[in-house]
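Colleague: Input: one structure, supplied below.
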Amino acid sequence: MVLLAVALDAAVGEPRRWHPLVGFGRWAAWLESRLYRPSRGAGVVALMIACVPFVIVGHFLEGIPAAVLILYLAIGGHSLSEHAARVAEPLARGDLEASRAAVGRIVSRHTDELDAAGVSRAAVESVLENGNDAIFGAIFWFVVLGVPGVLLYRLVNTLDACWGYRNARYRRFGWAAARLDDLLNYLPARLTALSYAAVGRASLALASWREQGRLWESPNAGPVMAAGAGALALRLGGPAVYHGQWRQRPWLGAGRDPEAEDIGRAVALVRRALLLWLVVLVLIDGLFFHA
């Protein structure tokens, strides 16, 4: 089923209109407007109301057609490649303004004053991190817990994107979504980091993960991006502006600053890692379920 879902995503990409996760985002916004209180308890209640009904329904959708469709909707490899190309192509032509606008649609940092290296760095970081969030995490929870697992993972991941900010409004209300997202991503992120190392510069990726991953603010994005930076022999991270404030992020990886062509290299790294996952899943299926 994983192979079918990945093939469907590669062939047609995500729906251009009426994507279920967009609809879920509107549902989350409606719940927030009704349930918001600056308390962790309110956030827990909102999280449960937002996710539990869909996870229960998912239990009854374990048949092959429905499961393949749901996993296809949960992964976003094709979309990830498209977003990366929209940044890389104008940047390669020297159109810095267009590439800044394109990368601003996929990252939360301020992009209006980024130079070419800064745009490339932001795009590569987004590709590496979203490789875990949009592909490997979804596949992991589908394999482990089936349709309910992948639904829970992607819905919580969406809520974290909506509510998981460490600011005055969401610090308490978004706490439950952010912590559950961290928990659900703990194993997938480390498998993703290991996969990046396996299909890239392995020794540099593993060293970067070991020495730098724990320094990142996010306990899961750190290992993923550090390993990815090392696998590509690039220097990522560093200071950046978020919501009008400079944040002194640590440096990740080693080597030169990224360029436009490295955005495509990051996409290729994710694709090789995905191929590795598919091969491993096929081997596991053959060894343990068809012996």
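The values are calculated or read from the model by the stated rules, or taken from the named source; none is laboratory data. In this text the structure is predicted, and so the values were computed from the model without any measurement. Ideal geometry is used to build each Cβ from the backbone, glycine not excepted, and the neighbour counts take in all protein chains shown.
Colleague: For region 241-267, which positions are over 19 Å from Tyr196 (Cβ atoms) and aliphatic (A, V, I, L, M)?
Modeller: Val241, Ala260
Colleague: Here's something else I'd like to know. Would you please list the contacts, defined by Cβ atoms under 6 Å and residues six or more apart or on different chains, that run from a residue in region 225-245 that is β-branched (Val, Ile, Thr) to a residue that is in a loop (DSSP other than H, G, I, E, B) and surrounded by 15 or more Cβ atoms within 10 Å (Cβ to Cβ)?
Modeller: From region 225-245, the pairs are Val241/His110.
Colleague: When the residues of region 98-135 are narrowed to those that are crowded, with 16+ Cβ neighbours inside 10 Å, among the charged types (D, E, K, R) and out of contact with any Phe, Trp or Tyr (no Cβ under 7 Å at 6 or more places or on another chain), which ends up farthest from Arg272 (Cα to Cα)?
Modeller: The qualifying residue farthest from Arg272 (Cα to Cα) is Arg100.
Colleague: Could you say whether any residue in region 2-21 is in contact (Cβ under 8 Å) with a residue 60 or more places away in the chain, part of a helix (DSSP H, G or I) and closer than 30 Å to Arg171 by Cα?
Modeller: Within region 2-21 (the criterion being in contact (Cβ under 8 Å) with a residue 60 or more places away in the chain, part of a helix (DSSP H, G or I) and closer than 30 Å to Arg171 by Cα), the answer is yes, since at least one residue qualifies.
Colleague: Now for a different question. Do we have Ser218 as under 17 Å from the mean Cα position of the chain (by Cα), of a type in the set (Ser, Thr, Tyr) and either closer than 26 Å to Ala116 by Cβ or at pLDDT below 95 (or both) here? Let's see the steps before the verdict.
Modeller: Working: under 17 Å from the mean Cα position of the chain (by Cα): yes; of a type in the set (Ser, Thr, Tyr): yes; either closer than 26 Å to Ala116 by Cβ or at pLDDT below 95 (or both): yes.
Considered against the rule, which asks whether it is under 17 Å from the mean Cα position of the chain (by Cα), of a type in the set (Ser, Thr, Tyr) and either closer than 26 Å to Ala116 by Cβ or at pLDDT below 95 (or both), Ser218 comes out as yes.
Colleague: Has region 29-38 got at least one residue that is among the small types (Gly, Ala, Ser) and closer than 13 Å to Thr158 by Cβ?
Modeller: Checked region 29-38: at least one residue is among the small types (Gly, Ala, Ser) and closer than 13 Å to Thr158 by Cβ.
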